[in-house]
Amino acid sequence: MKQEKRTSFKKNPFLKGFFLLLPFPLVFGALICAVVVLFQSVIAPSPYFGLLTYNKLDPSVTIPTAKEGEFPVIPYESQWATLNVQGWERKDIPVFFGDNKAILKKGAGMWVNSRFCGQNGKIVISAHVTTDFHELEVTPIGTLVTMDTVYGPYVYEVTDTLIFNYKDSSPLKPADGEEVLFMYTCYPRKNGYQFKTERMALICKKVEGKDWSADE
Amino acid sequence: MKKFVAVLALCLIMVGMVAMPVSAEPMHKEAMIEAAREHMPDAMFKEYLPLIENVLSQISVEKEQADQVIDCIEESRDFFKEYKGNSLSEYEHHEREFAVEMVDRICEILGLNAVYTHSDDPEHHNDVVLEIYNDAGQKIAEMDPDAVKKTNVPETAAAPVNYTYVVLAAVLLLGAVAAALVSKKFAAER
């Protein structure tokens, strides 16, 4: 009886066809999963993909303009500078006032408790390692960094690097009296999308640019 | 000569009247900053000076407002005397309440709105995020407990998805192999 059932099961043409065709959609699904994994771990974190998906400026954001001789009023969340680092593939990174999640999706962000260029203090700028600051980790000492602000150009030189834990905010502390551009991102970048507990910073000293601290 | 001097004096007075409202405002702001410098502990003042100046740079301040803010700072001198650190988490509950009230009062005087929300970061679940809005409802500052930002990816939930897709791909492949074996068995027994 059992043997008969088994024979009829094996002779069922529908089942034969089902098992014959089933591997194709399964392999297709596996391929899609593999493509997603490849995209997330290899393609998306690469700076070349970042260049393709470059954040165009939000047209609703008003860029403040400065009157000659006056330090401009820079509204929170507005773009106030464009950042370029010598030797980086990524060019013209927009720098916004503020560094919340929404801002960091658009470009680099300046911490609200830090200074603007030319104010003779610490300028703290952060951006994502998977996009704008992907090349920060491989930036050598001596590299020139330019900040084209709405009130004039500034040039800095990388003089040091720093690796610090994400719970340690002491490197960000304001320090007036000397102009320092402090650019940081997640470290190390090879971890791709994994949560990173370290941060790496470039410490840059001013080479050129107007000093506004005496005028204010 | 007398006429010339009189005209010159009149011109100077007129220029002064026009220029005064423009130049007085930074003085009011400076007076408030000076009061903070005088009464706040030095470490706290230096820690928050860029934030204070960045907020003040985005608003206009009248003399009356500046005087009220200075009064408010002077009234808080007992709080500043008991300096325990620059973070509110280092203070007792009643001290924290006092500090929040002080910030609220100063914001109210300056026509600002301070909004306190909880951090959406699981690691800082109970920490407070301070957002300051101007009278037009535009955000002019935001301070969250995480000064050091998460700068790995724009979307933080991406990491577990990676492993889900790897496991799913493996299961699908195993299923395909199993289905191919069954199909082969059917073919062999034809």
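The values are calculated or read from the model by the stated rules, or taken from the named source; none is laboratory data. Everything numeric here is computed off the predicted structure, so don't read it as measured data. Neighbour counts run over all protein chains shown; Cβ positions are idealised from the backbone, glycine included. Note: accessible area is taken over every heavy atom of the protein model, side chains too, but ligands, DNA and RNA are not part of it. Shrake-Rupley method; radii C 1.70, N 1.55, O 1.52, S 1.80 Å.
Things worth noting here:
- Failed item, numbered, when B:VAL69 is tested on (1) away from chain A (no Cβ under 12 Å); (2) at pLDDT below 95; (3) in contact with a helix residue (DSSP H, G or I) (Cβ under 8 Å, 6 or more places away or on another chain): (2)
- Any hit, the range A:157-164, residues being open to solvent by less than 30 Å² (accessible area, probe 1.4 Å), within 12 Å of another protein chain (Cβ to nearest Cβ) and not in a loop (DSSP other than H, G, I, E, B): yes
- Some residue of the range B:106-120 being over 24 Å from A:LYS101 (Cβ atoms) and touching a Leu at 6+ places or on another chain (Cβ under 6 Å): no
- Scanning the range B:29-80 for residues that are closer than 22 Å to A:LEU172 by Cα and in a loop (DSSP other than H, G, I, E, B), we see that the one that is nearest to the chain's Cα centre (by Cα) is B:SER57.
- Residues that are among the hydrophobic types (A, V, I, L, M, F, W, C), within 14 Å of the chain's Cα centre (by Cα) and facing chain B (nearest Cβ under 9 Å) within the range A:69-126 comprise just one, A:LEU104.
- Residues in the range B:81-103 that are open to solvent by less than 60 Å² (accessible area, probe 1.4 Å) and at pLDDT 85 or above: B:GLU95, B:ALA99, B:VAL100, B:MET102, B:VAL103.
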